[in-house]
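J.: Structure incoming, see below.
The values are calculated or read from the model by the stated rules, or taken from the named source; none is laboratory data. A quick note: this is a predicted structure, and the numbers were derived from the prediction, not measured. Note: ideal-geometry Cβ built from the backbone for every residue, glycine included; neighbour counts use all protein chains shown. These area figures cover heavy atoms from the full protein model, side chains too; ligands, DNA and RNA do not enter into them. Shrake-Rupley method; radii C 1.70, N 1.55, O 1.52, S 1.80 Å.
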Amino acid sequence: MATWLFYILGAVAVVATAMAVTRRNPVHSVIYLVNSFFALALIFYLLGAPLVAAWEVIIYAGAIMVLFLFIIMMLELSPGEEADRQGPGPMQWLPVLLLGGALLGCTLLLLQLDPAGSQEIPNWYASPRDFGYALFHEYALAVEIVSFQLLFAAVGAFYVGRSASRKSQPGGER
């Protein structure tokens, strides 16, 4: 049964991602992308990685999608006045309802089966506490190097953006 769930969730993720790429309305694309992220989170949970599944939901389906929606609102991207007057038709709701129904069904089956519930915790399993300890004690130098790289990238992006805005202003570069 777990194999079937894996294939169904894989198909949902692929179809939802394809729908996200092919939609003209950016809000619809975001909704399909959230659907795809939830399918991926369920796949991770099915494969025995509940922490990665939680990160997928929290970071990607939560934070990144909110960021995308803010960008869409700031850029005022809209499909046009005709689509606003007509509203969404039933054919626009059908793919979302089918993908959402498949996700809901797989989630309920996964909760009922609970593939990891009947097994003992394996020796290689790392709890979040063990993971954090290893990350910030054994690999602290690597974490600091990555944090400095991110800081340098942010400063570089600020400098590039700042110099481009100065060149476009009257008076040129100073």
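J.: Which of the numbered conditions does Glu56 fail, given that it passes all the others? Conditions: (1) open to solvent by 30 Å² or more (accessible area, probe 1.4 Å); (2) touching a helix residue (DSSP H, G or I) at 6+ places or on another chain (Cβ under 8 Å); (3) over 17 Å from Leu108 (Cα atoms).
T.: Going through the list (1) open to solvent by 30 Å² or more (accessible area, probe 1.4 Å); (2) touching a helix residue (DSSP H, G or I) at 6+ places or on another chain (Cβ under 8 Å); (3) over 17 Å from Leu108 (Cα atoms), Glu56 breaks only (1).
J.: Open to solvent by less than 30 Å² (accessible area, probe 1.4 Å) and at pLDDT 85 or above: which single residue out of Leu5, Leu33 fits that description?
T.: Residue meeting the stated conditions: Leu5.
Results for (1) crowded, with 17+ Cβ neighbours inside 10 Å; (2) over 15 Å from Cys106 (Cα atoms), shown as yes or no for each residue.
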residue	(1), (2)
Arg24	no, yes
Val27	no, yes
Phe38	yes, no
Leu47	no, no
Met74	no, yes
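J.: Can I ask one more? Could you list, in sequence order, the residues of region 91-101 that are open to solvent by 30 Å² or more (accessible area, probe 1.4 Å), among the hydrophobic types (A, V, I, L, M, F, W, C) and either closer than 19 Å to Thr3 by Cα or within 21 Å of the chain's Cα centre (by Cα) (or both)?
T.: Result: Val96, Leu97, Leu98.
J.: What are the residue pairs meeting all of these: first residue in region 24-44, first residue over 16 Å from Ile59 (Cα atoms), second residue basic (Lys, Arg), Cβ atoms under 8 Å, and 6 or more apart or on different chains?
T.: What qualifies is Ser29/Arg23; Tyr32/Arg23.
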